[in-house]
Amino acid sequence: MYEIDTIFFDVGATLRYVVEDPEFAAAAEAELMQLVGATEDHDTFFAKLEANWKKYRKWAKDTLLDVSEMELWLQYLLPDYPAERVAPHAARLTRLWRDHDGRRVVHDGTLETLRELKARGYKLGIIANTITETEIPDWMCRDNVADCFKTVILSSKVRLRKPDPAIYLLAARCIGSAPERCAYVGDNPVRDVEGAKEAEFGAMVLFEDAGTADREGKAPTLLPDYRIKSIPELLDLFPPRA
């Protein structure tokens, strides 16, 4: 067995989770409607957005591809709105669309664990399916962990999407590590496990976050190498490197 020297992380539900905040969500929805000049009432507008979002999600999961923020809004979410009104605000609209679900906060002990793993000599990176191109880097800067990550691979930037093993292999190549020396930490027992295993990563660690285990709607076909209940447990799996 090869020694692990690189650890990649999923972000959504793994490092952070969503907290419902009606006031926060309402402000995001109001700004979104204002930016695009919404012509429908609130409920009609967001019902349409939700329907278009579900169609896009199905396409993305079927093809294992993601699109840029501008393409997302012009081609999928608001194709009936004027492009000259929507396109300049695509990045902001994507952030607001995410915010209408609630606030994203880190799991307990996450920041301290990332800093300790870096101090122990591991190269750290991110491989995440996300529609935003800036939200994860902004979070890294806000919580002072940007220096922990040497490589950040986002599906909205590279088009590839988990569980396609190509996105894992791209990340390994970018960070300069052989796949067999990489570990992946994620919460999805289907998408995260399958991708890491098919890319022949050296280890797959499943964070068994309550409420996310069956959201793919299908049974896992591959098993993780390790299971954890909290992010700080990674310090028991990855000791200081020589």
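The values are calculated or read from the model by the stated rules, or taken from the named source; none is laboratory data. What you are looking at is a predicted structure, and each value in this text was computed from that prediction instead of being measured. Glycine gets a Cβ as well: all are built from the backbone with ideal geometry, and neighbour counts include every protein chain shown.
Within the range 148-200, work out how many residues are assigned to a helix (DSSP H, G or I), of a type in the set (Val, Ile, Thr) and in contact with a helix residue (DSSP H, G or I) (Cβ under 8 Å, 6 or more places away or on another chain).
2
Provide a single number: the residues in the range 80-120 that are within 18 Å of Asp209 (Cα to Cα), assigned to a helix (DSSP H, G or I) and β-branched (Val, Ile, Thr).
2
Does Ala51 meet the test of being among the small types (Gly, Ala, Ser), exposed (fewer than 12 other Cβ atoms within 10 Å of the Cβ) and under 25 Å from the mean Cα position of the chain (by Cα)?
yes
With respect to Leu124, is the statement that it is buried (at least 18 other Cβ atoms within 10 Å of the Cβ) and either among the aliphatic types (A, V, I, L, M) or part of a helix (DSSP H, G or I) (or both) true?
yes
Read through the list (1) more than 30 Å from Pro232 (Cβ to Cβ); (2) at pLDDT 95 or above, then give the number of the only condition that Asp21 fails.
In the conditions (1) more than 30 Å from Pro232 (Cβ to Cβ); (2) at pLDDT 95 or above, Asp21 misses (1) alone.
So Arg103 fits all but one of (1) touching an Asp or Glu at 6+ places or on another chain (Cβ under 7 Å); (2) crowded, with 16+ Cβ neighbours inside 10 Å; (3) of a type in the set (Lys, Arg); what number is the exception?
With respect to (1) touching an Asp or Glu at 6+ places or on another chain (Cβ under 7 Å); (2) crowded, with 16+ Cβ neighbours inside 10 Å; (3) of a type in the set (Lys, Arg), Arg103 is out only on (2).
Answer yes or no as to whether Asp99 is in contact with a Phe, Trp or Tyr (Cβ under 7 Å, 6 or more places away or on another chain), under 30 Å from Val145 (Cα atoms), among the charged types (D, E, K, R) and modelled with pLDDT of 95 or more.
yes
Among what's in the range 35-62 and is outside any loop (DSSP other than H, G, I, E, B) and of a type in the set (Gly, Ala, Ser), pick the residue that is farthest from Val86 (Cα to Cα).
The qualifying residue farthest from Val86 (Cα to Cα) is Ala60.
Conditions (1) more than 25 Å from Ser230 (Cα to Cα); (2) in contact with a strand residue (DSSP E or B) (Cβ under 7 Å, 6 or more places away or on another chain); (3) without any contact (Cβ under 8 Å) to a residue 12 or more places away in the chain, marked per residue:
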position	(1), (2), (3)
Glu3	no, no, no
Val11	no, yes, no
Asp21	no, yes, no
Ala25	yes, no, no
Asp43	yes, no, yes
Tyr56	yes, no, no
Ala83	yes, no, yes
